[in-house]
Amino acid sequence: MERRMENEPLATRQQKLLRPKSAIPQPFHLGNRRLLTNSSLLSPAAPFLLVNPDFSQMPVVKALAHTVVAPAIDYWKVTMDIKKGAEVARFKVVRIFNPLHVLGNQISVADIESLKIFRLSEHPLIRPHIEGMKSELIKYHALVMSIKPLDQRKDAKGKDTFVLSDWWRCNSGELPHFAFVLRAVLTNAPNSCPPERLFSMFNASFGEDQQSSFGDYLELAMQSQYNKRNV
């Protein structure tokens, strides 16, 4: 095609270059091996071939950035917002049990009510404690404010020494309702990975010749293996 254009008269080639935008092949079209650097020919989302790109032209830079980032953004939206949307929502709700999150984002009664996203919130033994969390909000915020700033928590290597489990172990007596609901939330699996891992361990531990094993023996064997694994 390029050889044909070289043999064409100059006036003919100029007319082709002045064709309307709709008549010009798209920058990524297989039949067009030239990079279109004219800003009027590139939309913000237009892909293009990296053939002698002119990165001094802002439309070219924007098109390149969009071409590189757009697939990742689409994957994130489909995976996190659609496929894993419910799991992500549960993770966001339980951030109220992280004192460091509360330190920068003061929580309210509405945040506690958001725990209804968990089915365990309707359990007769758990629901009263969720209601009781509302009466502990002021004390919770006071305890959170007593946490040292990050620069004072760092060790000699610059690592944050704050340990979430230690904080709750020290303050669970001051926040009995928060602590009770936290234990219930921690037993909830946000996805199917833990039970699937347990089934894999069970199949690797017991065969057909052990089908008559007692249930308490199977349970003890699984608990012992699971608790000793660093998972």
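Overview of values
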quantity	calculated
Test result for S205, out of contact with any Pro (no Cβ under 9 Å at 6 or more places or on another chain) and surrounded by fewer than 12 Cβ atoms within 10 Å (Cβ to Cβ)	no
Where a residue in region 160-187 is closer than 15 Å to I96 by Cα and its partner, wherever it lies, is part of a helix (DSSP H, G or I) and of a type in the set (G, A, S), with Cβ under 6 Å and at least six apart	S172/A179; H177/G132
Hey, F199 surrounded by 14 or more Cβ atoms within 10 Å (Cβ to Cβ), within 31 Å of the chain's Cα centre (by Cα) and not β-branched (V, I, T) or not	no
Options V88, V78: the member that is over 30 Å from S146 (Cα atoms), assigned to a helix (DSSP H, G or I) and not acidic (D, E)	V78
Hits in region 108-159 (condition: in contact (Cβ under 8 Å) with a residue 24 or more places away in the chain and of a type in the set (S, T, Y))	S108, S135, Y140
Residue satisfying condition, being touching a Phe, Trp or Tyr at 6+ places or on another chain (Cβ under 8 Å) and either acidic (D, E) or surrounded by 11 or more Cβ atoms within 10 Å (Cβ to Cβ) (or both), within set L64, L103	L64
Breaking point among (1) out of contact with any Leu (no Cβ under 8 Å at 6 or more places or on another chain); (2) surrounded by fewer than 13 Cβ atoms within 10 Å (Cβ to Cβ); (3) among the polar types (S, T, N, Q), for Q225	(2)
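We did not get these values from a lab; they are worked out from the coordinates using the rules stated. Small disclaimer: the values here were computed from a predicted structure and weren't measured. Note that each Cβ is placed from the backbone with ideal geometry, even for glycine, and that neighbours are counted across all protein chains shown.
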